[in-house]
Amino acid sequence: MLHHPQWTAWLVPLLYLLGAAAVALRRHSVWPVLACAASGALGIALVGDLSRLVPGLAIGPHSRPAAAVMTLIAFLGWVIARYSRGNLAGEAGEQRFVTALLLTLAAVTAVVAARNLAVLMLAWAASSAALQPLLTHYRDRPAARIAARKKFLASRLAELCLLGAAVLLYRRWHTLELSHLMQVLAAGGGVSASVQFAAVLLAAAVLLKSAQLPLHGWLLQVMEAPTSVSALLHAGVVNLGGYVLIRLAPLITASLPAQGLLVIVGSTTAALAGLTLMTCPSLKGRLAWSTCSQMGLMAAECGLGLYGLALLHLLGHALYKAHAFLCSGEAVRESAEPRMLPGIRPCVRLAPLFVLPVAAAIVAASVLLWRDMLHAPPVPWIALLLCTLGVATLQWDAAPNFAAQARNLLAASLAVQLYLLWHLTMDRGIGVHSARPAPALALYGALCLLALYWAQERARRAGASALRSRLYAWTSAGYFLDEPITRLVTSRWPWRGVRGTGAHLGQWLAQREGGAA
């Protein structure tokens with residue numbers, strides 16, 4: 001029998017809270033406290049993961065996916081703590097920054113540790129509240145205040161949706177214990193209209209928290225915050241929506257309207273944001289649009305029942321995006337290398353009509369191999385399409401010689417094997433099972449993916465034209481979807497300016513735009 005003390009799941013959040021309290025009480029040497037709290041949290045999370053290898057013992061979160069996400073957050077917190085010390089030590093407000101950082105980490109890990117829907121809601125709301133001081137760390141930057149207030153509005157709307165979902169579920173089953181709710185839903189019982197509506201409210205809350213169109217502007221405008229805050233936000237906070245969907249998978253699977261909302265909004269956001277990031281001149285701006293697109297794709301994966309793929313996406317995206325933000329300063333040096341090393345030969349652009357069948361053949365042969373030799377469970381066709389388009393995209397820019405092209409194909413084949421291995425591990429090892437996607441929703445998701453593939457390839461090859469110029473203007477501006485929200489925030493939410501002018505943020509923006517023109 002598996003022995004699992006529930007209180008051990010709260011050791012990591014508790015350590016972060018103790019660290020925040022210690023920092024708030026002392027005025028000097030706050031960075032050693034942050035280092036001790038981050039290192040201790042990572043050690044506890046790793047012990048929890050390793051304890052699951054011992055038969056009959058499990059320390060930490062309630063499930064293997066939760067343990068993996070807890071370790072991921074603790075690792076990111078440790079890395080961000082080390083980076084912040086080298087980047088922000090000695091600045092004014094460092095005590096406020098470290099306190100808010102530890103409180104944010106405590107709230108995020110509390111979401112993972114929660115076994116009750118009410119506790120999960122409170123922890124998720126606390127993560128948004130603790131993140132606000134980090135977003136406005138530099139208080140003399142009005143753009144940061146705009147982004148923080150946009151996020152405040154989106155978060156409060158999401159929390160109202162979560163509250164409505166919790167009330168409906170409690171009225172139906174008189175409990176908010178997640179284990180009980182998921183067992184009843186997995187058994188296929190009690191899917192009434194109120195439960196369906198609760199699932200829709202939950203999906204809406206996740207979309208609001210994940211910066212999906214059209215309420216995405218705050219994620220693009222938080223670049224005024226320190227780089228470590230951007231890394232934490234994009235790698236550890238926005239991803240919480242994907243974890244909540246995986247945690248409440250039986251509820252989402254039982255509601256076709258909730259699945260439809262996730263797939264339609266998520267797929268559309270993934271396609272539109274994926275195009276916009278190609279037109280963004282700023283490196284951090286491209287990373288922000290990339291996060292918006294990736295969160296849309298993750299929401300669509302959950303709506304299609306691909307929960308194992310969504311977990312892989314969550315872990316991989318968090319590690320990649322944290323590395324991308326923390327190493328963003330190296331981008332200038334790397335972009336200058338081709339100009340400084342003229343001996344490097346340019347890549348050859350291959351036609352998509354050539355690489356797409358090659359990628360499809362690699363994926364098809366790999367699926368047949370895994371099915372016949374390892375009796376692997378079937379992978380949904382929409383997941384295979386996503387893998388095929390990813391492999392084809394990697395082959396767009398090929399090396400100019402045959403040996404290098406062969407290495408690229410070998411690497412692509414290895415990536416497909418790892419992709420299929422993850423599906424097998426999710427199904428048999430970790431216990432995250434995929435559900436059968438609704439055909440109409442799978443078709444819509446596939447059309448969005450194919451449209452994005454085609455549009456990106458056309459944008460790389462098409463010449464100058466009046467139509468392309470007009471489309472570029474719309475795409476580079478984010479289709480002007482964020483403008484109504486900006487007007488609402490700047491006109492209805494007055495704020496005294498940086499130097500105490502008493503002006504509204506809208507007046508500041510007008511002056512800024514006039515000066516730029």
Exercise. Is there any pair with a first residue in the stretch 208-225 that is more than 23 Å from Leu245 (Cα to Cα) and a second that is open to solvent by 10 Å² or more (accessible area, probe 1.4 Å) and among the hydroxyl-bearing types (Ser, Thr, Tyr) whose Cβ atoms are under 8 Å apart and which are 6 or more apart or on different chains, and what are they?
Worked result: Met223/Ser282; Glu224/Tyr138; Ala225/Thr136; Ala225/Tyr138
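Got a sec? Which of Leu105, Leu181 is touching a residue at least 60 places away in the same chain (Cβ under 8 Å), within 26 Å of the chain's Cα centre (by Cα), open to solvent by less than 30 Å² (accessible area, probe 1.4 Å) and closer than 23 Å to Ala225 by Cβ?
Exactly one residue qualifies, and that residue is Leu105.
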For this session: Would you check if there is a residue in the stretch 306-326 being open to solvent by 60 Å² or more (accessible area, probe 1.4 Å), modelled with pLDDT under 70 and either assigned to a helix (DSSP H, G or I) or touching a strand residue (DSSP E or B) at 6+ places or on another chain (Cβ under 8 Å) (or both)?
Result: no
For this session: Say whether the condition of being within 26 Å of the chain's Cα centre (by Cα), farther than 15 Å from Leu262 by Cα and of a type outside the set (Val, Ile, Thr) is met by at least one residue in the stretch 207-214.
Result: no
For this session: Check every one of the helices (runs of 4 or more DSSP H) wholly within the stretch 239-298 and list those with 2 or more residues that are open to solvent by 10 Å² or more (accessible area, probe 1.4 Å) and under 16 Å from His216 (Cβ atoms).
Result: 256-276
Exercise. Do we find that Leu488 is closer than 30 Å to Gly390 by Cβ, modelled with pLDDT of 75 or more and open to solvent by 50 Å² or more (accessible area, probe 1.4 Å) in this structure?
Worked result: no
Exercise. How many residues, within the stretch 59-102, are within 19 Å of Ala225 (Cβ to Cβ), touching a residue at least 12 places away in the same chain (Cβ under 8 Å) and charged (D, E, K, R)?
Worked result: 4
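Go through the residues of the stretch 153-162 one by one and say whether even a single one is in contact with an Asp or Glu (Cβ under 8 Å, 6 or more places away or on another chain) and in contact (Cβ under 8 Å) with a residue 60 or more places away in the chain.
So far as the stretch 153-162 goes, no, none of its residues is in contact with an Asp or Glu (Cβ under 8 Å, 6 or more places away or on another chain) and in contact (Cβ under 8 Å) with a residue 60 or more places away in the chain.
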Exercise. Does any residue of the stretch 111-134 turn out to be farther than 25 Å from Pro13 by Cβ, open to solvent by 10 Å² or more (accessible area, probe 1.4 Å) and touching a residue at least 60 places away in the same chain (Cβ under 8 Å)?
Worked result: no
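Table: residues versus (1) modelled with pLDDT under 80; (2) under 31 Å from the mean Cα position of the chain (by Cα); (3) not acidic (Asp, Glu).
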site: Pro338; (1), (2), (3): yes, no, yes
site: Arg345; (1), (2), (3): yes, no, yes
site: Asp372; (1), (2), (3): yes, no, no
site: Pro377; (1), (2), (3): yes, yes, yes
site: Ile382; (1), (2), (3): no, yes, yes
site: Thr388; (1), (2), (3): no, yes, yes
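So that you can scan it fast, the table gives a plain yes or no per residue for (1) farther than 30 Å from Ala92 by Cβ; (2) in a helix (DSSP H, G or I); (3) modelled with pLDDT under 85:
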{"position": "Leu15", "(1), (2), (3)": "no, yes, no"}
{"position": "Leu18", "(1), (2), (3)": "no, yes, no"}
{"position": "Ala24", "(1), (2), (3)": "no, yes, yes"}
{"position": "Gly43", "(1), (2), (3)": "yes, yes, no"}
For this session: Kindly list the number of the only condition in (1) part of a helix (DSSP H, G or I); (2) open to solvent by 10 Å² or more (accessible area, probe 1.4 Å); (3) at pLDDT below 90; (4) not hydroxyl-bearing (Ser, Thr, Tyr) that fails for Leu233.
Result: (2)
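Say whether the condition of being within 18 Å of Met298 (Cα to Cα) and surrounded by fewer than 17 Cβ atoms within 10 Å (Cβ to Cβ) is met by at least one residue in the stretch 214-221.
Looking for residues that are within 18 Å of Met298 (Cα to Cα) and surrounded by fewer than 17 Cβ atoms within 10 Å (Cβ to Cβ), one finds at least one in the stretch 214-221, hence yes.
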Problem set entry | Single match in Gly189, Gly164 (criterion: at pLDDT below 85, over 27 Å from Ser290 (Cα atoms) and surrounded by fewer than 23 Cβ atoms within 10 Å (Cβ to Cβ)) | Gly189
Exercise. Can you name the residue in the stretch 196-213 that is among the aliphatic types (A, V, I, L, M) and touching a Phe, Trp or Tyr at 6+ places or on another chain (Cβ under 9 Å) and is also surrounded by the most Cβ atoms within 10 Å (Cβ to Cβ) among such residues?
Worked result: Ala211
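The values are calculated or read from the model by the stated rules, or taken from the named source; none is laboratory data. What you are looking at is a predicted structure, and each value in this text was computed from that prediction instead of being measured. Using ideal geometry, Cβ is built from the backbone for each residue, glycine included, and neighbour counts are taken over all protein chains shown. Each accessible area value is taken on the protein alone, full model and side chains, heavy atoms only, with ligands, DNA and RNA left out. Shrake-Rupley method; radii C 1.70, N 1.55, O 1.52, S 1.80 Å.
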